[in-house]
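Inspection log for the structure reproduced underneath, given as C-alpha coordinates.
The values are calculated or read from the model by the stated rules, or taken from the named source; none is laboratory data. Keep in mind the model is a prediction, meaning the values are calculated, not measured. Counting neighbours? That spans all protein chains shown, and the Cβs are built from the backbone with ideal geometry, glycine included.
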Amino acid sequence: MSGGRPPGFTVGVPRLVLGGRLLFENFRLRIEAGRWTCVLGPSGVGKTTLLRLIAGLLPGALVVTDDGRPLAGRLALMAQQDLLLPWLSVLENALLGWRLRGERRSRAAELEGSARELLARVGLAGREDDLPQALSGGMRQRVALARTLMERRPVVLMDEPFSALDAITRHRLQDLAARLLAGHTVVMVTHSPLEALRLGHRILVLRGRPVQVSEVSAPESPIPRDPGDPALLAREAELWRVLAASAGAEEDESCAPFSARS
Amino acid sequence: MRTVLRPLLTAAGLLALWELAVRASGVPPYILPPPSRVLATLWQAGPLLAEHGLITLIEILLGMAIGAVLGAAAALSLALLPPLRRWLEPVLVASQAIPVFALAPLLVLWLGYGIGSKVAMAVLIIFFPVATAFFDGLRRTDPGWLELARVMDAKPLRVLFEIRVPAALPALGSGLRVAAAVAPIGAVIGEWVGASRGLGYLMLHANARLRVDLVFAALSVLALLALALFRLTDRLVARLVYWQRETLPGSVHDPEGRSLA
(Lines give C-alpha, C1' and ligand atoms only; values in the text may rest on other atoms or scores of the structure.)
Protein backbone atom coordinates (compact mmCIF):
# COMPACT_ATOMS: atom_id res chain seq x y z
CA MET A 1 0.00 0.00 0.00
CA SER A 2 1.43 3.34 -1.02
CA GLY A 3 0.13 6.75 -0.06
CA GLY A 4 1.74 6.55 3.38
CA ARG A 5 0.47 5.23 6.70
CA PRO A 6 -3.29 5.15 6.89
CA PRO A 7 -4.39 8.30 8.69
CA GLY A 8 -7.13 8.67 11.23
CA PHE A 9 -9.31 11.73 10.85
CA THR A 10 -12.11 13.78 12.30
CA VAL A 11 -15.15 14.84 10.27
CA GLY A 12 -16.94 17.96 11.33
CA VAL A 13 -20.18 19.12 9.78
CA PRO A 14 -21.30 22.51 11.13
CA ARG A 15 -24.68 22.36 9.44
CA LEU A 16 -26.11 20.57 6.43
CA VAL A 17 -29.61 20.85 5.03
CA LEU A 18 -30.53 18.49 2.18
CA GLY A 19 -33.89 18.44 0.48
CA GLY A 20 -35.27 20.84 3.09
CA ARG A 21 -34.31 18.59 5.98
CA LEU A 22 -31.70 19.39 8.58
CA LEU A 23 -29.44 16.33 8.48
CA PHE A 24 -26.35 17.46 10.34
CA GLU A 25 -25.76 20.14 12.94
CA ASN A 26 -22.61 20.51 15.06
CA PHE A 27 -21.72 16.99 13.97
CA ARG A 28 -18.32 15.56 14.90
CA LEU A 29 -17.04 12.08 14.28
CA ARG A 30 -13.64 10.58 14.94
CA ILE A 31 -12.43 7.81 12.61
CA GLU A 32 -9.53 5.75 13.99
CA ALA A 33 -6.45 5.08 11.88
CA GLY A 34 -6.06 1.62 10.40
CA ARG A 35 -9.33 0.26 11.74
CA TRP A 36 -12.75 -0.69 10.39
CA THR A 37 -15.54 1.64 11.45
CA CYS A 38 -18.99 0.28 10.62
CA VAL A 39 -21.89 2.73 10.41
CA LEU A 40 -25.46 1.53 10.94
CA GLY A 41 -28.72 3.41 11.08
CA PRO A 42 -32.21 3.58 9.60
CA SER A 43 -32.76 4.43 5.93
CA GLY A 44 -32.61 8.13 5.17
CA VAL A 45 -30.75 9.04 8.35
CA GLY A 46 -27.71 10.26 6.41
CA LYS A 47 -25.25 7.35 6.27
CA THR A 48 -24.50 7.69 2.57
CA THR A 49 -24.47 11.46 2.92
CA LEU A 50 -21.80 11.11 5.60
CA LEU A 51 -19.63 9.04 3.25
CA ARG A 52 -20.14 11.54 0.45
CA LEU A 53 -19.15 14.36 2.78
CA ILE A 54 -15.94 12.56 3.75
CA ALA A 55 -15.19 11.78 0.09
CA GLY A 56 -15.64 15.43 -0.83
CA LEU A 57 -18.48 14.63 -3.22
CA LEU A 58 -20.71 16.91 -1.15
CA PRO A 59 -19.42 20.21 0.19
CA GLY A 60 -20.00 21.21 3.80
CA ALA A 61 -17.70 18.98 5.84
CA LEU A 62 -14.39 19.78 7.47
CA VAL A 63 -12.09 16.77 7.50
CA VAL A 64 -9.01 17.07 9.69
CA THR A 65 -6.48 14.27 9.40
CA ASP A 66 -3.93 13.27 12.04
CA ASP A 67 -1.02 14.03 9.76
CA GLY A 68 -2.47 17.34 8.64
CA ARG A 69 -2.47 16.50 4.96
CA PRO A 70 -5.76 16.57 3.03
CA LEU A 71 -7.66 13.35 2.52
CA ALA A 72 -8.28 14.01 -1.17
CA GLY A 73 -6.15 11.71 -3.29
CA ARG A 74 -5.73 9.28 -0.42
CA LEU A 75 -9.13 7.60 -0.44
CA ALA A 76 -10.96 5.05 -2.52
CA LEU A 77 -14.69 4.48 -2.78
CA MET A 78 -16.64 1.26 -3.13
CA ALA A 79 -20.38 1.56 -3.64
CA GLN A 80 -23.32 -0.81 -3.48
CA GLN A 81 -23.39 -0.96 -7.28
CA ASP A 82 -20.21 -2.36 -8.74
CA LEU A 83 -19.99 0.60 -11.20
CA LEU A 84 -17.99 -1.49 -13.65
CA LEU A 85 -17.75 0.02 -17.12
CA PRO A 86 -19.45 -2.53 -19.39
CA TRP A 87 -17.19 -1.77 -22.37
CA LEU A 88 -13.97 -2.49 -20.50
CA SER A 89 -12.61 -5.92 -19.66
CA VAL A 90 -12.26 -7.09 -16.08
CA LEU A 91 -8.55 -6.20 -16.11
CA GLU A 92 -9.18 -2.75 -17.61
CA ASN A 93 -11.88 -2.11 -15.02
CA ALA A 94 -9.49 -3.02 -12.21
CA LEU A 95 -7.03 -0.48 -13.66
CA LEU A 96 -9.68 2.20 -14.20
CA GLY A 97 -8.26 4.73 -11.74
CA TRP A 98 -4.83 4.69 -13.34
CA ARG A 99 -6.40 4.90 -16.76
CA LEU A 100 -8.45 7.94 -15.74
CA ARG A 101 -5.45 9.66 -14.19
CA GLY A 102 -3.54 9.16 -17.43
CA GLU A 103 -0.73 7.13 -15.89
CA ARG A 104 2.49 7.06 -17.85
CA ARG A 105 3.10 4.10 -20.14
CA SER A 106 6.33 3.28 -18.36
CA ARG A 107 4.34 2.09 -15.36
CA ALA A 108 1.77 0.17 -17.40
CA ALA A 109 3.50 -3.20 -17.11
CA GLU A 110 3.99 -2.92 -13.36
CA LEU A 111 0.39 -1.81 -12.80
CA GLU A 112 -1.02 -4.53 -15.02
CA GLY A 113 1.02 -7.16 -13.23
CA SER A 114 -0.25 -6.02 -9.88
CA ALA A 115 -3.86 -5.86 -11.14
CA ARG A 116 -3.57 -9.44 -12.41
CA GLU A 117 -2.22 -10.50 -9.04
CA LEU A 118 -5.07 -8.78 -7.21
CA LEU A 119 -7.67 -10.31 -9.51
CA ALA A 120 -6.15 -13.70 -8.80
CA ARG A 121 -6.39 -13.04 -5.06
CA VAL A 122 -10.09 -12.23 -5.35
CA GLY A 123 -10.51 -15.49 -7.26
CA LEU A 124 -10.84 -14.14 -10.79
CA ALA A 125 -7.73 -15.59 -12.39
CA GLY A 126 -8.46 -16.46 -16.01
CA ARG A 127 -11.35 -13.98 -16.23
CA GLU A 128 -9.19 -10.90 -16.88
CA ASP A 129 -10.25 -10.48 -20.50
CA ASP A 130 -13.99 -11.09 -19.95
CA LEU A 131 -16.49 -8.28 -20.13
CA PRO A 132 -18.36 -7.55 -16.88
CA GLN A 133 -21.61 -8.80 -18.40
CA ALA A 134 -20.15 -12.30 -18.49
CA LEU A 135 -19.78 -12.30 -14.68
CA SER A 136 -22.19 -13.04 -11.85
CA GLY A 137 -23.12 -10.35 -9.32
CA GLY A 138 -20.65 -11.70 -6.78
CA MET A 139 -17.83 -11.78 -9.31
CA ARG A 140 -18.60 -8.24 -10.42
CA GLN A 141 -18.40 -7.02 -6.86
CA ARG A 142 -15.08 -8.82 -6.50
CA VAL A 143 -13.81 -6.90 -9.52
CA ALA A 144 -15.00 -3.72 -7.79
CA LEU A 145 -13.06 -4.78 -4.70
CA ALA A 146 -9.95 -5.38 -6.81
CA ARG A 147 -10.42 -1.97 -8.44
CA THR A 148 -10.73 -0.37 -4.99
CA LEU A 149 -7.56 -2.10 -3.75
CA MET A 150 -5.75 -1.27 -6.97
CA GLU A 151 -6.09 2.38 -6.05
CA ARG A 152 -3.54 1.68 -3.29
CA ARG A 153 -5.12 4.25 -1.06
CA PRO A 154 -4.91 4.13 2.72
CA VAL A 155 -8.50 5.22 3.36
CA VAL A 156 -11.38 3.20 1.93
CA LEU A 157 -15.03 4.25 2.09
CA MET A 158 -17.59 1.52 1.46
CA ASP A 159 -21.32 2.05 1.02
CA GLU A 160 -23.20 -1.20 1.58
CA PRO A 161 -20.73 -2.95 -0.70
CA PHE A 162 -22.12 -6.45 -0.18
CA SER A 163 -25.81 -5.83 0.38
CA ALA A 164 -26.91 -6.83 -3.15
CA LEU A 165 -25.31 -10.26 -2.84
CA ASP A 166 -26.66 -13.60 -1.69
CA ALA A 167 -25.75 -14.75 1.84
CA ILE A 168 -22.92 -17.14 0.94
CA THR A 169 -21.26 -14.78 -1.53
CA ARG A 170 -21.58 -11.94 0.97
CA HIS A 171 -19.92 -14.03 3.68
CA ARG A 172 -16.98 -14.90 1.42
CA LEU A 173 -16.53 -11.33 0.22
CA GLN A 174 -16.56 -10.03 3.79
CA ASP A 175 -13.70 -12.42 4.63
CA LEU A 176 -11.84 -11.41 1.51
CA ALA A 177 -12.27 -7.68 2.11
CA ALA A 178 -11.25 -7.97 5.77
CA ARG A 179 -8.07 -9.78 4.75
CA LEU A 180 -7.14 -7.56 1.83
CA LEU A 181 -8.00 -4.27 3.53
CA ALA A 182 -6.19 -5.10 6.79
CA GLY A 183 -4.34 -2.00 7.97
CA HIS A 184 -6.46 0.41 5.94
CA THR A 185 -8.65 3.02 7.54
CA VAL A 186 -12.08 1.76 6.50
CA VAL A 187 -15.47 3.38 6.94
CA MET A 188 -18.25 1.01 5.93
CA VAL A 189 -21.93 1.86 5.81
CA THR A 190 -24.09 -1.20 6.23
CA HIS A 191 -27.64 -2.05 7.19
CA SER A 192 -26.75 -5.47 8.51
CA PRO A 193 -25.95 -5.66 12.25
CA LEU A 194 -24.26 -9.00 11.69
CA GLU A 195 -22.00 -7.56 9.03
CA ALA A 196 -21.04 -4.73 11.36
CA LEU A 197 -20.28 -7.25 14.13
CA ARG A 198 -18.18 -9.41 11.80
CA LEU A 199 -16.08 -6.59 10.41
CA GLY A 200 -16.22 -3.58 12.72
CA HIS A 201 -13.50 -2.61 15.15
CA ARG A 202 -15.95 0.11 16.01
CA ILE A 203 -19.70 0.09 15.48
CA LEU A 204 -21.58 3.35 15.25
CA VAL A 205 -25.32 3.86 15.04
CA LEU A 206 -26.64 7.06 13.48
CA ARG A 207 -30.07 8.29 14.48
CA GLY A 208 -32.31 11.27 14.68
CA ARG A 209 -32.47 14.56 12.92
CA PRO A 210 -30.04 16.22 13.16
CA VAL A 211 -27.95 13.09 13.35
CA GLN A 212 -26.68 11.80 16.70
CA VAL A 213 -24.02 9.11 16.94
CA SER A 214 -24.05 6.38 19.52
CA GLU A 215 -21.37 3.74 19.76
CA VAL A 216 -22.09 0.10 20.40
CA SER A 217 -19.15 -1.81 21.83
CA ALA A 218 -17.71 -4.24 19.32
CA PRO A 219 -16.15 -7.58 20.18
CA GLU A 220 -12.41 -7.46 20.91
CA SER A 221 -11.47 -10.37 18.63
CA PRO A 222 -9.73 -9.79 15.29
CA ILE A 223 -11.79 -9.46 12.11
CA PRO A 224 -13.35 -11.14 10.18
CA ARG A 225 -15.15 -12.68 13.13
CA ASP A 226 -16.96 -15.98 13.07
CA PRO A 227 -20.71 -15.31 12.90
CA GLY A 228 -21.29 -18.42 15.02
CA ASP A 229 -19.35 -16.94 17.95
CA PRO A 230 -21.76 -16.74 20.94
CA ALA A 231 -20.30 -13.37 21.98
CA LEU A 232 -21.25 -12.07 18.54
CA LEU A 233 -24.78 -13.38 18.73
CA ALA A 234 -25.33 -11.87 22.15
CA ARG A 235 -24.24 -8.49 20.87
CA GLU A 236 -26.35 -8.85 17.77
CA ALA A 237 -29.46 -8.95 19.95
CA GLU A 238 -28.30 -5.82 21.75
CA LEU A 239 -27.51 -4.08 18.47
CA TRP A 240 -30.97 -4.91 17.12
CA ARG A 241 -32.50 -3.26 20.18
CA VAL A 242 -30.48 -0.09 19.66
CA LEU A 243 -31.37 -0.07 15.96
CA ALA A 244 -35.05 -0.64 16.58
CA ALA A 245 -35.05 2.23 19.04
CA SER A 246 -33.29 4.52 16.56
CA ALA A 247 -35.75 3.58 13.83
CA GLY A 248 -38.62 4.31 16.21
CA ALA A 249 -37.32 7.84 16.61
CA GLU A 250 -37.67 8.23 12.85
CA GLU A 251 -41.18 6.89 12.66
CA ASP A 252 -42.96 10.23 12.33
CA GLU A 253 -40.50 11.20 9.61
CA SER A 254 -40.93 8.07 7.58
CA CYS A 255 -44.21 9.31 6.12
CA ALA A 256 -42.44 12.23 4.48
CA PRO A 257 -41.09 11.42 1.01
CA PHE A 258 -37.32 11.58 1.19
CA SER A 259 -35.12 12.38 -1.73
CA ALA A 260 -31.67 11.97 -0.22
CA ARG A 261 -30.17 8.52 -0.19
CA SER A 262 -29.76 6.79 3.13
CA MET B 1 -32.75 -19.09 -42.30
CA ARG B 2 -36.35 -18.68 -41.22
CA THR B 3 -35.82 -15.03 -40.36
CA VAL B 4 -34.81 -14.41 -43.97
CA LEU B 5 -37.44 -16.61 -45.50
CA ARG B 6 -40.43 -15.21 -43.65
CA PRO B 7 -40.33 -11.60 -44.90
CA LEU B 8 -39.50 -12.86 -48.39
CA LEU B 9 -42.59 -15.05 -48.39
CA THR B 10 -44.71 -12.16 -47.14
CA ALA B 11 -43.36 -9.95 -49.92
CA ALA B 12 -43.98 -12.65 -52.53
CA GLY B 13 -47.54 -13.03 -51.31
CA LEU B 14 -48.19 -9.29 -51.58
CA LEU B 15 -46.70 -9.18 -55.08
CA ALA B 16 -48.92 -12.07 -56.13
CA LEU B 17 -51.97 -10.19 -54.82
CA TRP B 18 -50.88 -7.12 -56.78
CA GLU B 19 -50.44 -9.19 -59.95
CA LEU B 20 -53.88 -10.77 -59.52
CA ALA B 21 -55.57 -7.45 -58.81
CA VAL B 22 -54.08 -5.84 -61.94
CA ARG B 23 -55.04 -8.76 -64.16
CA ALA B 24 -58.54 -9.06 -62.78
CA SER B 25 -59.36 -5.36 -62.94
CA GLY B 26 -57.77 -4.66 -66.31
CA VAL B 27 -56.05 -1.44 -65.18
CA PRO B 28 -53.88 -0.21 -68.07
CA PRO B 29 -50.12 -0.73 -67.45
CA TYR B 30 -49.37 3.00 -67.77
CA ILE B 31 -51.46 3.52 -64.63
CA LEU B 32 -50.45 0.47 -62.62
CA PRO B 33 -48.17 -2.15 -64.20
CA PRO B 34 -48.23 -5.71 -62.79
CA PRO B 35 -45.11 -6.75 -60.87
CA SER B 36 -44.15 -9.13 -63.66
CA ARG B 37 -43.84 -6.15 -65.97
CA VAL B 38 -41.82 -4.19 -63.41
CA LEU B 39 -39.51 -7.18 -63.10
CA ALA B 40 -39.06 -7.27 -66.87
CA THR B 41 -38.28 -3.54 -66.88
CA LEU B 42 -35.77 -4.03 -64.07
CA TRP B 43 -34.01 -6.56 -66.26
CA GLN B 44 -34.17 -4.54 -69.51
CA ALA B 45 -33.32 -1.17 -67.98
CA GLY B 46 -30.63 -2.71 -65.76
CA PRO B 47 -27.69 -0.64 -67.05
CA LEU B 48 -29.71 2.58 -66.89
CA LEU B 49 -30.86 1.84 -63.34
CA ALA B 50 -27.33 0.89 -62.30
CA GLU B 51 -25.92 4.13 -63.70
CA HIS B 52 -28.44 6.35 -61.90
CA GLY B 53 -28.49 4.13 -58.83
CA LEU B 54 -24.74 4.52 -58.44
CA ILE B 55 -25.08 8.33 -58.41
CA THR B 56 -27.78 8.17 -55.73
CA LEU B 57 -25.76 5.67 -53.73
CA ILE B 58 -22.71 7.95 -53.77
CA GLU B 59 -24.86 10.88 -52.64
CA ILE B 60 -26.34 8.83 -49.80
CA LEU B 61 -23.00 7.46 -48.61
CA LEU B 62 -21.25 10.84 -48.77
CA GLY B 63 -24.17 12.49 -46.99
CA MET B 64 -24.19 9.76 -44.35
CA ALA B 65 -20.45 10.02 -43.70
CA ILE B 66 -20.27 13.81 -43.60
CA GLY B 67 -23.52 14.19 -41.68
CA ALA B 68 -22.53 11.62 -39.06
CA VAL B 69 -19.08 13.15 -38.53
CA LEU B 70 -20.45 16.69 -38.31
CA GLY B 71 -23.30 15.62 -36.01
CA ALA B 72 -21.00 13.71 -33.66
CA ALA B 73 -18.50 16.59 -33.65
CA ALA B 74 -21.23 19.09 -32.85
CA ALA B 75 -22.47 16.96 -29.95
CA LEU B 76 -18.94 16.57 -28.60
CA SER B 77 -18.18 20.27 -28.74
CA LEU B 78 -21.46 21.07 -27.00
CA ALA B 79 -20.54 18.61 -24.27
CA LEU B 80 -16.98 19.97 -24.00
CA LEU B 81 -17.78 23.68 -23.96
CA PRO B 82 -20.54 24.75 -21.57
CA PRO B 83 -20.68 28.35 -22.91
CA LEU B 84 -21.21 26.99 -26.42
CA ARG B 85 -23.97 24.82 -25.02
CA ARG B 86 -25.80 27.76 -23.47
CA TRP B 87 -25.71 29.67 -26.76
CA LEU B 88 -26.27 26.89 -29.26
CA GLU B 89 -28.38 24.22 -27.62
CA PRO B 90 -31.71 26.10 -27.88
CA VAL B 91 -30.90 26.95 -31.50
CA LEU B 92 -30.12 23.35 -32.25
CA VAL B 93 -33.42 22.23 -30.81
CA ALA B 94 -35.41 24.96 -32.55
CA SER B 95 -33.72 24.35 -35.89
CA GLN B 96 -35.18 20.85 -35.91
CA ALA B 97 -38.58 22.42 -36.42
CA ILE B 98 -37.52 23.64 -39.88
CA PRO B 99 -38.67 21.19 -42.54
CA VAL B 100 -35.34 20.60 -44.20
CA PHE B 101 -37.03 19.51 -47.41
CA ALA B 102 -38.19 23.06 -47.91
CA LEU B 103 -34.54 24.05 -48.26
CA ALA B 104 -33.98 21.75 -51.23
CA PRO B 105 -34.69 24.39 -53.94
CA LEU B 106 -32.29 26.79 -52.21
CA LEU B 107 -29.56 24.16 -52.04
CA VAL B 108 -29.96 23.48 -55.76
CA LEU B 109 -29.77 27.22 -56.40
CA TRP B 110 -26.60 27.56 -54.35
CA LEU B 111 -24.81 24.31 -55.14
CA GLY B 112 -26.10 23.56 -58.62
CA TYR B 113 -27.66 20.55 -60.32
CA GLY B 114 -24.75 18.27 -59.57
CA ILE B 115 -24.10 15.92 -56.72
CA GLY B 116 -23.23 18.70 -54.23
CA SER B 117 -26.74 19.91 -53.51
CA LYS B 118 -27.96 16.34 -52.89
CA VAL B 119 -25.12 15.52 -50.54
CA ALA B 120 -25.81 18.78 -48.69
CA MET B 121 -29.47 17.83 -48.43
CA ALA B 122 -28.62 14.41 -47.01
CA VAL B 123 -26.09 15.96 -44.60
CA LEU B 124 -28.70 18.39 -43.28
CA ILE B 125 -31.20 15.61 -42.72
CA ILE B 126 -28.69 13.32 -41.04
CA PHE B 127 -26.97 15.93 -38.91
CA PHE B 128 -29.80 16.55 -36.43
CA PRO B 129 -30.74 13.02 -35.40
CA VAL B 130 -27.07 12.16 -34.96
CA ALA B 131 -26.18 15.35 -33.06
CA THR B 132 -29.18 15.32 -30.72
CA ALA B 133 -29.04 11.58 -30.00
CA PHE B 134 -25.31 11.66 -29.24
CA PHE B 135 -25.54 14.82 -27.15
CA ASP B 136 -28.43 13.34 -25.17
CA GLY B 137 -26.28 10.29 -24.49
CA LEU B 138 -23.29 12.43 -23.49
CA ARG B 139 -25.18 14.26 -20.79
CA ARG B 140 -26.95 11.26 -19.31
CA THR B 141 -23.89 9.51 -17.95
CA ASP B 142 -24.54 7.44 -14.83
CA PRO B 143 -23.70 9.80 -11.92
CA GLY B 144 -22.23 6.85 -10.02
CA TRP B 145 -19.48 6.50 -12.63
CA LEU B 146 -18.74 10.21 -12.53
CA GLU B 147 -18.46 10.23 -8.74
CA LEU B 148 -16.19 7.23 -8.84
CA ALA B 149 -14.03 9.06 -11.37
CA ARG B 150 -13.95 12.12 -9.12
CA VAL B 151 -12.75 10.18 -6.11
CA MET B 152 -10.11 8.66 -8.40
CA ASP B 153 -8.88 12.18 -9.25
CA ALA B 154 -9.57 11.56 -12.93
CA LYS B 155 -8.55 14.12 -15.53
CA PRO B 156 -11.65 15.77 -17.08
CA LEU B 157 -10.69 14.91 -20.66
CA ARG B 158 -10.10 11.31 -19.67
CA VAL B 159 -13.55 11.18 -18.09
CA LEU B 160 -15.02 12.48 -21.34
CA PHE B 161 -13.31 9.97 -23.58
CA GLU B 162 -13.15 6.97 -21.26
CA ILE B 163 -16.59 7.26 -19.67
CA ARG B 164 -18.95 9.82 -21.19
CA VAL B 165 -18.30 9.04 -24.86
CA PRO B 166 -18.45 5.23 -24.59
CA ALA B 167 -21.54 5.51 -22.40
CA ALA B 168 -23.16 7.66 -25.12
CA LEU B 169 -22.31 5.29 -27.99
CA PRO B 170 -25.62 3.37 -27.75
CA ALA B 171 -27.46 6.69 -28.11
CA LEU B 172 -25.21 7.62 -31.03
CA GLY B 173 -26.07 4.25 -32.54
CA SER B 174 -29.79 5.02 -32.38
CA GLY B 175 -29.10 8.36 -34.07
CA LEU B 176 -27.13 6.64 -36.81
CA ARG B 177 -29.93 4.15 -37.42
CA VAL B 178 -32.43 6.98 -37.83
CA ALA B 179 -29.94 8.73 -40.11
CA ALA B 180 -29.60 5.64 -42.27
CA ALA B 181 -33.37 5.51 -42.64
CA VAL B 182 -33.75 9.15 -43.70
CA ALA B 183 -30.58 9.54 -45.80
CA PRO B 184 -32.09 8.11 -49.02
CA ILE B 185 -35.08 10.43 -48.62
CA GLY B 186 -32.74 13.43 -48.53
CA ALA B 187 -30.88 12.40 -51.66
CA VAL B 188 -34.02 11.64 -53.65
CA ILE B 189 -35.79 14.87 -52.66
CA GLY B 190 -32.67 16.74 -53.75
CA GLU B 191 -32.84 14.98 -57.09
CA TRP B 192 -36.52 15.75 -57.54
CA VAL B 193 -35.97 19.44 -57.11
CA GLY B 194 -33.29 19.65 -59.73
CA ALA B 195 -30.84 17.12 -61.10
CA SER B 196 -29.57 15.61 -64.29
CA ARG B 197 -28.77 12.19 -62.87
CA GLY B 198 -29.81 9.86 -60.06
CA LEU B 199 -32.75 7.60 -59.26
CA GLY B 200 -34.97 10.51 -58.19
CA TYR B 201 -34.33 12.21 -61.51
CA LEU B 202 -35.02 8.97 -63.38
CA MET B 203 -38.31 8.44 -61.51
CA LEU B 204 -39.49 11.96 -62.21
CA HIS B 205 -38.71 11.59 -65.89
CA ALA B 206 -40.32 8.19 -66.23
CA ASN B 207 -43.37 9.49 -64.42
CA ALA B 208 -43.78 12.36 -66.88
CA ARG B 209 -43.61 9.91 -69.80
CA LEU B 210 -46.14 7.55 -68.15
CA ARG B 211 -43.43 4.89 -67.80
CA VAL B 212 -44.88 3.77 -64.48
CA ASP B 213 -43.10 0.43 -64.79
CA LEU B 214 -39.76 2.29 -64.82
CA VAL B 215 -40.87 4.36 -61.81
CA PHE B 216 -41.51 1.17 -59.88
CA ALA B 217 -38.26 -0.37 -61.10
CA ALA B 218 -36.30 2.68 -59.89
CA LEU B 219 -38.26 2.65 -56.66
CA SER B 220 -37.37 -0.97 -55.98
CA VAL B 221 -33.69 -0.26 -56.61
CA LEU B 222 -33.93 2.66 -54.18
CA ALA B 223 -35.65 0.45 -51.61
CA LEU B 224 -32.90 -2.13 -51.97
CA LEU B 225 -30.25 0.55 -51.48
CA ALA B 226 -32.01 1.91 -48.41
CA LEU B 227 -32.40 -1.58 -46.95
CA ALA B 228 -28.75 -2.42 -47.55
CA LEU B 229 -27.66 0.87 -45.98
CA PHE B 230 -29.82 0.23 -42.93
CA ARG B 231 -28.51 -3.29 -42.48
CA LEU B 232 -24.94 -2.11 -42.88
CA THR B 233 -25.44 0.67 -40.32
CA ASP B 234 -27.10 -1.77 -37.95
CA ARG B 235 -24.11 -4.09 -38.20
CA LEU B 236 -21.63 -1.28 -37.66
CA VAL B 237 -23.57 -0.01 -34.65
CA ALA B 238 -23.72 -3.50 -33.15
CA ARG B 239 -19.94 -3.66 -33.49
CA LEU B 240 -19.53 -0.18 -32.03
CA VAL B 241 -21.53 -1.05 -28.89
CA TYR B 242 -20.21 -4.59 -28.65
CA TRP B 243 -21.05 -4.81 -24.95
CA GLN B 244 -24.76 -4.32 -25.46
CA ARG B 245 -26.91 -7.35 -25.88
CA GLU B 246 -30.24 -7.37 -27.55
CA THR B 247 -32.65 -8.46 -24.86
CA LEU B 248 -36.05 -8.37 -26.56
CA PRO B 249 -37.44 -11.90 -26.64
CA GLY B 250 -37.26 -13.39 -30.10
CA SER B 251 -34.98 -10.64 -31.40
CA VAL B 252 -33.50 -11.13 -34.82
CA HIS B 253 -29.93 -11.07 -33.58
CA ASP B 254 -28.87 -14.09 -31.62
CA PRO B 255 -27.36 -12.62 -28.45
CA GLU B 256 -24.84 -15.44 -28.21
CA GLY B 257 -23.78 -15.09 -31.80
CA ARG B 258 -22.73 -11.49 -31.48
CA SER B 259 -19.04 -10.78 -31.37
CA LEU B 260 -17.75 -9.72 -27.99
CA ALA B 261 -14.25 -8.99 -29.17
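Structure notes:
- Subset tally (residues that are in contact (Cβ under 8 Å) with a residue 24 or more places away in the chain and surrounded by fewer than 19 Cβ atoms within 10 Å (Cβ to Cβ)) for segment A:195-214: 7
- Screening A:R69, A:R28 for residues that are charged (D, E, K, R) and in contact (Cβ under 8 Å) with a residue 60 or more places away in the chain leaves exactly one candidate, A:R69.
- Number of positions in segment A:215-228 that are over 19 Å from the mean Cα position of the chain (by Cα), without any contact (Cβ under 8 Å) to a residue 40 or more places away in the chain and either surrounded by fewer than 15 Cβ atoms within 10 Å (Cβ to Cβ) or part of a strand (DSSP E or B) (or both): 5
- Qualifying residue in segment B:183-206 (condition: within 14 Å of chain A (Cβ to nearest Cβ), among the aliphatic types (A, V, I, L, M) and either without any contact (Cβ under 8 Å) to a residue 60 or more places away in the chain or part of a helix (DSSP H, G or I) (or both)): no
- Residue within segment A:80-92 that is within 14 Å of chain B (Cβ to nearest Cβ) and in contact with a Ser or Thr (Cβ under 8 Å, 6 or more places away or on another chain) present: yes
- Which listed residue, of B:L148, B:L124, B:L160, is crowded, with 22+ Cβ neighbours inside 10 Å and either in a helix (DSSP H, G or I) or not hydrophobic (A, V, I, L, M, F, W, C) (or both): B:L148
- Listed by first and then second residue, the pairs with beta-carbon distance under 6 Å, at least 6 apart or on different chains, first residue in segment B:1-26 and under 15 Å from B:R37 (Cα atoms), second assigned to a helix (DSSP H, G or I), are B:L15/B:P35; B:W18/B:P35; B:E19/B:P35.
- If the condition is being modelled with pLDDT of 60 or more, assigned to a helix (DSSP H, G or I) and charged (D, E, K, R), then segment B:210-261 contributes B:D213, B:R231, B:D234, B:R235, B:R239.
- So A:L118, is it at pLDDT below 90 and under 23 Å from B:D153 (Cβ atoms): yes
- Enumeration of residues in segment B:200-241 that are acidic (D, E) and closer than 25 Å to B:W43 by Cα: B:D213
- All positions within segment A:123-178 that are part of a helix (DSSP H, G or I), farther than 26 Å from A:G8 by Cβ and not assigned by TED's automatic domain parsing to the domain that holds A:A108: A:A167, A:I168, A:T169, A:R170, A:H171, A:R172
- Test: residue in segment B:41-50 that is under 23 Å from B:T233 (Cβ atoms), crowded, with 16+ Cβ neighbours inside 10 Å and of a type in the set (G, A, S): no
- Scanning segment A:189-216 for residues that are over 17 Å from A:R241 (Cβ atoms) and polar (S, T, N, Q) gives a single hit, A:T190.
- Against the conditions (1) at pLDDT below 85; (2) surrounded by fewer than 13 Cβ atoms within 10 Å (Cβ to Cβ), B:E89 satisfies every one except (2).
- Breaking point among (1) under 30 Å from B:A168 (Cα atoms); (2) away from chain B (no Cβ under 14 Å); (3) aliphatic (A, V, I, L, M), for A:V45: (1)
- Unique match (being more than 7 Å from every other protein chain (Cβ to nearest Cβ), among the hydrophobic types (A, V, I, L, M, F, W, C) and closer than 15 Å to A:I31 by Cα) among A:L71, A:L58: A:L71
- Residue within segment A:229-251 that is in a loop (DSSP other than H, G, I, E, B), over 30 Å from A:L91 (Cα atoms) and at pLDDT below 85 present: yes
- Taken as a whole, the structure leaves A:V17 outside the set of residues that are surrounded by 13 or more Cβ atoms within 10 Å (Cβ to Cβ) and among the β-branched types (V, I, T).
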